[in-house]
Every structure is written in structure tokens, then in C-alpha cells.
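J.: Below you will find the structure I want to go over with you.
Every number in this text was worked out from the coordinates using simple rules, so none of it is lab data. Quick caveat: nothing in here was measured; it's all calculated off a predicted structure. Reconstructed Cβ throughout: ideal geometry from the backbone, glycine too, with neighbour counts over all protein chains shown.
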Amino acid sequence: MGFVKVIKNKAYFKRYQVKFRRRQEVKTDYYARKCLVIQDKNKYNTPKYRIFRVSNRDIICQIVYARIEGDMIVCAAYAHELPKYGVKVGLTSYAAQPKFPSMGKWINTW
């Protein structure tokens with residue numbers, strides 16, 4: 001099979017669909033955002049409220065719910081705030097992850 005030259009003519013541009021604006025600006029990875037925000041299928045019609053993000057320098061725990069107009073952040077907690085409350089462990093590791101004593105388990109939402 002030989003080389004086929006791609007011809008971008010009127011028919012090509014008529015059917016061309018542009019990417020979302022935030023995708024063009026490389027600000028939003030919609031696949032990763034969907035994984036963070038969308039609830040499991042077996043929990044039908046219930047919003048997902050917690051988001052847990054780990055970066056190299058910080059750990060962020062947020063209570064967020066998604067709306068068409070945009071995500072609404074109810075509250076947020078950051079690992080760099082922990083020394084203010086007397087925590088002396090590392091702030092970017094497993095020790096800085098939020099733990100709720102009543103549940104007795106770590107929160108993982110990724």
C-alpha cells in the first residue's frame with residue numbers, strides 16, 4: 001500500500017469539530033477530571049463530594065460537588081496547614097493523609 005496524502009479540503013473543514021476551550025489552553029484534563037468528580041455507577045444519582053489530591057509538595061483534601069456552571073468547593077484542607085495544629089510528621093507522605101477516627105480508615109478517592 002502506497003503513501004496516501006492527507007487532503008484538507010472544504011469537506012474536511014466542514015466536519016471538523018474544535019476541542020473544548022480549556023482543552024485547547026491545556027488547562028483541563030477532562031478524563032482525569034471525570035475520574036475525580038463522577039460517582040460510581042452503583043451509587044446511582046448521588047453526587048461525589050470528596051476529592052483527594054496528592055502533589056509533590058502538598059496534599060489537598062476538598063469537599064466539592066460538580067455542577068454544570070462549575071465545581072462548587074464547600075471546604076478544603078491542606079497539608080501545609082498541619083504544623084499550625086501541632087503535627088510534626090512529614091507533610092507530603094502517607095502520614096499527612098486525612099484519617100477520620102470514627103471510620104477508622106484512610107480516605108482514598110482516586
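J.: As an exercise, identify the GluC sites (Glu not before Pro) in region 4-90 lying in DSSP coil whose Cβ has no more than 12 other Cβ atoms within 10 Å.
T.: Passing both the DSSP loop test and the Cβ count: E25, E69.
J.: Which of the lysines could a cross-linker span from K5 if the Cα-Cα distance has to be under 28 Å and same-chain partners fewer than 8 positions apart are dropped?
T.: K14, K19
J.: Please report, in cubic angstrom per residue, the volume enclosed by the convex hull of the alpha-carbon atoms of region 19-84.
T.: Here the figure is 128 Å³ per residue.
J.: So, in nm, how far is label L91 from label R57 when the simple model puts each one 7 Å beyond its Cα toward the Cβ?
T.: Placing both labels 7 Å along Cα→Cβ, they lie 1.0 nm apart.
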